[in-house]
Each structure stands twice: as structure tokens, then as C-alpha cells.
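Structure, as C-alpha cells:
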Amino acid sequence: MPTLKIPTPLRPYAEGHSTLNLPGQVVEEVLEGAVATYPLLKKHLFNDEGKLRPYVNIFLGEDNVNQLAGLKTLLSDADTLLIIPSIAGG
Amino acid sequence: MNIYISADILDQIQSHGENTYPNEGAGLMLGKEENSKRTIEKLLFLENAREEENQHNRYLITVEDMLWGEKEADRLNSSILGIFHSHPDHPNLPSEYDREFAIPWYSYLITSINNGKAAGSRCWRLRDDRLSFSEEIIQTLTIR
């Protein structure tokens, strides 16, 4: 199963886990599995319209999945996804 | 909630805000959290990646800078505990825009810069409901 690494700020919403192993053939399925398993994660990853919040970036290794096929990027069982926040404010 | 920062590091944050005035300056605060006690030990000063014309009231730290920050934190056996940024000619309170983009758990230290001079810093943490912030009281440490 692909691995999803949880950044420090979001670990309290995943019962303290730093990594999750979740089934999924594409990025979207892994993220859906994460929020189904840990519902408290949902509002920090997705907005009310169900879209990824603007500060949430998903990396497959060194590549931002936005530069691949986005949430439809295909995964293998050995792949590791990282959630890297970008920071904005005013 | 308290956050512990040396007087020297707080001074560096405020000087950075003065140097970037009239634009917003920002960076990362690295340190350790032990038994819920947060202590800032090092700063990473970063470029404000917003478009030049918007930097007076907006800041952006790119995902590439965050990746670099995470690696630096690992190298230093430290963690990214939060973000500092300045509010040129505005109070050191989180704006609605700050709240919209805030990430839980991180400490957000805001320094008010009035007419180019630092006018105080306060620190905030987003509540779990994402609707508002709680203040973290800055405890200034004097290093002898």
C-alpha cells in the first residue's frame, strides 16, 4: 500500500501518526482513505467544497503532484506521498 | 499557552520586520516542544514570495522553501514550530486572511511595524474549529 507522511501540525488529527499506509491506486484515493480513517483531518486538508485547501501540497517523492496528473496521479504500492504546507497570510 | 523566545531572537524578528518595511517580512521559527513547552531556538529568514505589488499586506512562503525548512529542521535536530511575519502599519493581530490560510498547531508570531519601527509582537495559534486564534504569551528569555 502507498504511504502517506503526515506533517507535524496535522499529526494531532491523525492520532499522532507520522505515516499512514493506505490503499489507493491514485493520490485521491489515498487522501480519501486518510480522512475516512481520521475524520478530524478532513477540515484541515479540504475546504467546504471538498477541494484541497490552498496551502496543502501533495508531493510524490520530489515532485508536486500538480506537475504530474494532480489527484489522479497513479501510485504504486512502494510510493510515498508527502503533505507539505505552503504558508500564506497578510 | 506560552512560547519561550530569547530576547536576541525576538530582536532579530523585529529587526527583520523593520528591514522589510513597508512590505511584510516572514520566516520560520525552529525549536523544540517538550511537555507542551515551546522554545524557539533558530530562525530561517525567507523571501516574501508574493507579487511585489501585494507584499505590503500579504506574504507567501513557497512550498519549496517549506521543503528546505523541513530539511534544515531535520539537520538541526529541530522542528518547525511556527511562522513569524510583520504587519506594516497594522496591529499585531491575525487578519481574516491570516485565519483563512492558517494551519493548526503552528505558532504565528506577528510583529506590528509602525512607520518603520517595531511596535510589539504577539503570538497566536489557530483553534481547532478554525474560526479564531488563541494567544500564546511570549515569554522572553535572557541568555547569560
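The values are calculated or read from the model by the stated rules, or taken from the named source; none is laboratory data. These numbers come from a predicted model, not from an experiment. All Cβ positions, even for glycine, are placed from backbone atoms using ideal geometry, and neighbour counts span all protein chains on display.
Per-structure values
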{"item": "Condition met for A:Leu10 (in contact with a helix residue (DSSP H, G or I) (Cβ under 7 Å, 6 or more places away or on another chain), within 27 Å of B:Trp68 (Cα to Cα) and in contact (Cβ under 8 Å) with a residue 40 or more places away in the chain)", "result": "yes"}
{"item": "Which listed residue is aliphatic (A, V, I, L, M) and in a loop (DSSP other than H, G, I, E, B), from B:Leu109, B:Leu93", "result": "B:Leu93"}
{"item": "Options B:Lys71, B:Lys42: the member that is more than 9 Å from every other protein chain (Cβ to nearest Cβ) and either touching a Phe, Trp or Tyr at 6+ places or on another chain (Cβ under 6 Å) or part of a helix (DSSP H, G or I) (or both)", "result": "B:Lys71"}
{"item": "Criterion: farther than 24 Å from A:Asn66 by Cα, in contact with a helix residue (DSSP H, G or I) (Cβ under 8 Å, 6 or more places away or on another chain), aliphatic (A, V, I, L, M) and within 11 Å of chain A (Cβ to nearest Cβ) - qualifying residue of B:Ile113, B:Ile80", "result": "B:Ile80"}
{"item": "Selection within segment A:54-90 - without any contact (Cβ under 8 Å) to a residue 40 or more places away in the chain, within 11 Å of chain B (Cβ to nearest Cβ) and hydrophobic (A, V, I, L, M, F, W, C)", "result": "A:Val56, A:Ile58, A:Phe59, A:Ile87, A:Ala88"}
{"item": "Candidate set: segment A:54-65, residues that are at pLDDT 90 or above and either not aromatic (Phe, Trp, Tyr) or not in a strand (DSSP E or B) (or both); chosen: the one surrounded by the most Cβ atoms within 10 Å (Cβ to Cβ)", "result": "A:Ile58"}
{"item": "Residue that is nearest to A:Leu82 (Cα to Cα), among those in segment A:19-53 that are part of a loop (DSSP other than H, G, I, E, B) and within 12 Å of chain B (Cβ to nearest Cβ)", "result": "A:Arg53"}
{"item": "Qualifying positions in segment B:54-68 - of a type in the set (Phe, Trp, Tyr), at the interface with chain A (Cβ under 7 Å from one of its Cβ atoms) and under 15 Å from A:Phe59 (Cβ atoms)", "result": "none"}
{"item": "Test: residue in segment A:7-16 that is more than 27 Å from B:Leu60 (Cα to Cα) and over 12 Å from the mean Cα position of the chain (by Cα)", "result": "yes"}
